[in-house]
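Input: a single structure, listed below in structure tokens.
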């Protein structure tokens, strides 16, 4: 994958849940302002890998990591590295939309408030900017105080993206962001991803290979915890170098 | 992707190959009809043209359907891309066969003794020799598609150079014949058309070889 302009790098990354290895010797680079997709069968380690990028795996018991993960060249697991700060810079959107049971406005304002912003005018600005970036503003601007739970699934997911954007991250991790959405809502999220890459690094985990092909610039194929092949999305889907990748992409697996 | 898709793709490949052999068969038979001044054989080639078009169109439709329903990727996608081009080249080759059959019918003469004279002229113009090189190239391209053995098409570029050289040589030879005996102008002009068709068929063999190479390696390399 692209060597210059990378924002995240891993080197010989290994991860175990207890005695079970989940990642083996993963070495990769993630370029900034591009969309990188991770594909592979269930349990191959792709979600585990992106959870390393913002230290979400710290919250899992018996999880052990060796190797290096760098964000802007700094080891994020180094002593003195602050996981809260890393999670602000590396935001995450999950498979199922998970808005807080609060108003639309409060969902977006929550993060900035936690980070100490209390100025109402500034919060208003942040909420509008984030909702606009998440392509949701036009649909909700007249009901910002309404409960987020009343939004459709697709709108809720865009709200979660807006919530992530509100704290001005540099990287957005998306773990199967469309798997609970209908095709129209999915298309909106995909369009949004394409816009987000102008300003952010986006890493998306997906089971849907057509989606990976549609939205990403780079694709990594993982299998049994290993990064089998990384390359431009065109190369991976047109002529992968590894037979394993070829077999997975063409559905000749197992 | 499902096994159902791969079964359908394998079936499509068989049909594509069948179309390829139908086309090369038309070319081969037309050349034989030309050499033997045989209108019956020529008519039989012409009669296969409808089948050739129908099968080409049906296969094209079938592959669009596979793309629409299964969105194939990687080698599956390359197989369909290669097959789509192959059927279009095969159809052209078959139609050149039909065109050569038309030349046979247009220039047919039932005068006893004519056949020997025409056979001599066809042979004098090296048409059977050129035909066997071109048909060999097409057969090897089809065999490579079937087996994915690229060594079969490794020398297509050189073989095509030989075909191009023959086209230029025969062209000059034909003109010499016509200058020597103006009564041969109509016949020789028709025969030079045949030589031109063969040269085009050699290019189609190369085109197929290019796409089979893409199918196997994922690389696009022009054979010239």
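We did not get these values from a lab; they are worked out from the coordinates using the rules stated. It should be emphasised that the depicted structure is a prediction, and the values quoted were computed from it without experimental measurement. Cβ sites come from the backbone with ideal geometry, for glycine too, and all protein chains shown count toward neighbours.
For chain B, set up a Gaussian network in which alpha carbons nearer than 10 Å are linked by springs, and say which option among B:48, B:172, B:200 fluctuates the most.
In this elastic network of chain B, the residue with the biggest mean-square fluctuation among B:48, B:172, B:200 is B:172.
Between the helical axis of A:183-196 and the dominant principal axis of chain A, each derived from Cα atoms, what acute angle in degrees is found, rounded to the nearest 10?
90
Defining a contact as two alpha carbons under 8 Å apart and six or more residues distant in sequence, what relative contact order in percent does chain A show?
Numbers: 487 pairs, mean separation 68.8, N = 254.
Relative contact order, chain A: 27 percent.
Taking Cα pairs under 8 Å and at least six residues apart, what relative contact order does region B:1-124 come out at, in percent?
Details: 125 pairs, mean separation 55.3, N = 124.
Dividing the mean separation by the residue count of region B:1-124 yields 45 percent.
Hey, rough spin-label estimate for residue A:68 and residue A:195, points 7 angstrom out along Cα→Cβ, what's it come to in nanometres?
Inter-label distance under the simple model: 3.8 nm.
Sort B:6, A:12, B:156 by Cβ crowding within 10 Å, fewest neighbours at the top.
On the way: B:6 16, A:12 11, B:156 24.
With the fewest neighbours first, B:6, A:12, B:156 line up as A:12, B:6, B:156.
So, in Å, what gap is there between the alpha-carbon centers of region B:129-144 and region B:47-116?
15
For chain B, find the longest principal axis of its Cα atoms and tell me its angle to the long axis of helix B:127-147, 0 to 90°, nearest 10.
So the helix axis and the longest Cα principal axis differ by about 10 degrees.
Please work out whether region B:28-79 counts as rounded, prolate or oblate from its C-alpha gyration tensor, where a ≥ b ≥ c are the square roots of the eigenvalues and a/c under 1.5 means rounded, while otherwise a/b larger than b/c means prolate and anything else oblate?
Numbers: a/c = 9.88, a/b = 2.96, b/c = 3.33.
Oblate.
Cut-off 10 angstrom, C-alpha nodes, Gaussian network model of chain A. Which of A:163, A:143, A:55 fluctuates the most?
A:143
Rank the residues A:175, A:58, A:32 as a footprinting-exposure proxy: fewest other Cβ atoms within 10 Å of their Cβ go first.
On the way: A:175 20, A:58 14, A:32 17.
Fewest-to-most ranking of A:175, A:58, A:32: A:58, A:32, A:175.
Determine the shape class of region A:84-185: with a ≥ b ≥ c the square roots of the Cα gyration tensor eigenvalues, call it rounded for a/c under 1.5, and otherwise prolate if a/b is greater than b/c, oblate otherwise. The partial results should precede the final answer.
Details: a/c = 1.86, a/b = 1.16, b/c = 1.61.
The shape class here is oblate.
How would the protein assembly as shown be classified by its alpha-carbon gyration tensor: rounded, prolate or oblate, with rounded meaning a/c under 1.5 and the a/b versus b/c comparison settling the rest?
Details: a/c = 3.63, a/b = 2.90, b/c = 1.25.
Because a/c hits 1.5 or more and a/b exceeds b/c, the protein assembly as shown counts as prolate.
Mind jotting down the distance between the C-alpha centroids of region A:155-230 and region A:15-85, whole Å?
Each part's Cα centre sits 17 Å from the other's.
Mean separation of Cα pairs under 8 Å and 6+ residues apart, divided by the residue count of region B:3-217: what relative contact order is that in percent?
Numbers: 248 pairs, mean separation 61.9, N = 215.
After rounding, I find 29 percent.
Order of B:83, A:130, A:81 from fewest to most other C-beta atoms within 10 Å? Kindly include the intermediate steps, with their values, before the conclusion.
Numbers: B:83 28, A:130 25, A:81 13.
In order of increasing Cβ crowding within 10 Å: A:81, A:130, B:83.
Working only with C-alpha atoms, what are the Rg and Dmax values of region B:3-217, expressed in angstrom?
Just the Cα atoms of region B:3-217 yield Rg and Dmax of 18.9, 65 Å.
Between helix A:120-133 and chain A, what is the angle of the helix's C-alpha long axis to the longest principal axis, kept within 0 to 90° and rounded to the nearest 10?
Once rounded, one gets 50 degrees.
Where is the GNM fluctuation largest for chain A (alpha-carbon springs, 10 angstrom cutoff): A:110, A:17, A:218?
A:17
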